Amino acid sequence: MEALNTLKKEIIAYSKEIGIDKIGFTTADPFTELKNRLIRQRELNYQSGFEEPDIEKRTDPRLSLEGAQSIISIAVCYPSKMKNPVRGNREERRGIFARSSWGEDYHRVLNDKLEKLGQFIRSKVPDARYKPMVDTGPLADRAVAERAGIGWSGKNCAIITPEFGSYVYLGELITNIPFEPDAPIEDRCGSCNRCLEACPTGALVRAGQINAKICISYLTQTKEDIPEPYRKKIGNRLYGCDTCQVVCPYNKGKDFHFHPEFEPDPEAAKPLLKPLLSISNREFKERFGHMSGAWRGKKPIQRNAIIALAHFKDVTAVEDLGKVLAEDPREVIRKTAAWALGKIGGERAKEILSSARDREKSEQVLAEIGQALKMLQ
């Protein structure tokens, strides 16, 4: 046990050297409480579909690493403010990516840190085995972090750390070494319900429970058509949503710039909207490929840009939207463009919609055009 405690201290010290801001240890026991919650989520149809479908894999670390004994949880903080923000104007409106997508894709950065941590452990214990995970692995990062004492699970389902608020990326390393587990942090949300009250779509149905299907973070990532009632809630968000984090008292004044790789390029984190409508695949990869918000490709971002232009009622975008409606091969994009023209309004928008109605073949797009023209009567 003495040797394990010494190794644990060495791992903690090394983690600081490689830019890990917080580290915690827990057992590899199954997450029984989480399992019950996930079963309930599935029964309520609250899952987004992006998750690992096998609940056993999500809750039993031993299914990811044979002989698993411990899990090391890590947190790396990211900034909440841009050092040199850009501002839009009436002629040049801008969208916004969620803070978690600013800078370099955190999956790559944290995976690199976890691999270094694993190699360090193996240098001390040659027969050690480990498996790193960041977000896309079967395990629920937040459940691991909560049990490992990184932070408590807030009412908005985010892990809140006393040091950095909830502006942290999470990852974990499953190992076959039986480290002494750390104690979880007591819940500190108390009677505060600001996140629940501020959620734009009511996705936070109650403390600690989210209907992922109507969460703006999910809606901005889906490639499908966004139901009309939720379009106006999206505003100018191109990817993700920070509302429940911004209103959290534990995030007040929290803004850390410890990692240069997470510093945002303002032109990428808050890009001009109109150029996004005609951006090529190659240009999209060059400009946004380094960001986690680009993982779904350009289609959702373009659809969200159209919604944002409607949100601003940007009359300077009418011709651009008309071109999209006339030429874009993707039904969802044309449909959203028709809706946006109806929202922006004006005689020119009406002319474009009337012209599009005469040549459009898709029944769904035609229905949207009809609705848009009704709005303009």
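Observations
- Within region 1-59, the set of residues being β-branched (Val, Ile, Thr) and modelled with pLDDT of 95 or more comprises Thr6, Ile11, Ile12, Ile18, Ile20, Ile23, Thr26, Thr27.
- The requirement of being at pLDDT 95 or above and touching an Asp or Glu at 6+ places or on another chain (Cβ under 6 Å) is fulfilled nowhere in region 242-260; no residue meets it.
- Yes/no for Lys313 being under 27 Å from the mean Cα position of the chain (by Cα) and outside any helix (DSSP H, G or I): yes
- Close pairs from region 9-35: first surrounded by fewer than 16 Cβ atoms within 10 Å (Cβ to Cβ), partner among the aliphatic types (A, V, I, L, M), Cβ under 6 Å, at least 6 apart: Ile12/Ile23
- Flag for Arg348 being surrounded by 14 or more Cβ atoms within 10 Å (Cβ to Cβ), over 30 Å from the mean Cα position of the chain (by Cα), free of Cβ contacts under 8 Å to residues at least 24 places away in the same chain and in a helix (DSSP H, G or I): no
- Residue list for region 176-192, filter: under 15 Å from Cys248 (Cβ atoms) and surrounded by 14 or more Cβ atoms within 10 Å (Cβ to Cβ): Asp187, Cys189, Cys192
- Only a single criterion out of (1) modelled with pLDDT of 95 or more; (2) closer than 30 Å to Gly103 by Cα; (3) touching a His at 6+ places or on another chain (Cβ under 9 Å); (4) not polar (S, T, N, Q) is not satisfied by Lys343, namely (2).
- Scope region 97-112; condition in contact with a helix residue (DSSP H, G or I) (Cβ under 8 Å, 6 or more places away or on another chain), surrounded by 20 or more Cβ atoms within 10 Å (Cβ to Cβ) and not small (Gly, Ala, Ser); matching residues: Phe97, Arg99, Trp102, Tyr106, Val109
- Output for region 285-303, where each listed residue is under 19 Å from Glu263 (Cβ atoms), assigned to a helix (DSSP H, G or I) and more than 13 Å from the chain's Cα centre (by Cα): Glu286, Arg287, Phe288
- Inspection of region 91-104 finds a residue satisfying the criterion of being in contact (Cβ under 8 Å) with a residue 12 or more places away in the chain, of a type in the set (S, T, N, Q) and closer than 25 Å to Ala203 by Cβ.
- Residues satisfying the stated conditions in region 165-182, i.e. out of contact with any Phe, Trp or Tyr (no Cβ under 6 Å at 6 or more places or on another chain), among the hydrophobic types (A, V, I, L, M, F, W, C) and within 17 Å of Asp141 (Cα to Cα): Val168, Leu170, Ile174
- Looking only at residues of region 212-228 that are over 11 Å from the mean Cα position of the chain (by Cα) and aliphatic (A, V, I, L, M), we find that the one that is nearest to Trp339 (Cα to Cα) is Ile226.
- All helices (runs of 4 or more DSSP H) inside region 195-284 with 2 or more residues being crowded, with 20+ Cβ neighbours inside 10 Å: 216-219, 228-234, 243-246
- In the set (1) farther than 30 Å from Leu273 by Cα; (2) within 20 Å of the chain's Cα centre (by Cα); (3) of a type in the set (Phe, Trp, Tyr), Phe97 fails one condition alone, (1).
- Here Leu44 does not fit the description of being aliphatic (A, V, I, L, M) and surrounded by 15 or more Cβ atoms within 10 Å (Cβ to Cβ).
The values are calculated or read from the model by the stated rules, or taken from the named source; none is laboratory data. All values derive from a computational prediction rather than experimental measurement. Glycine also receives a Cβ, built like all others from the backbone with ideal geometry; neighbour counts cover every protein chain displayed.
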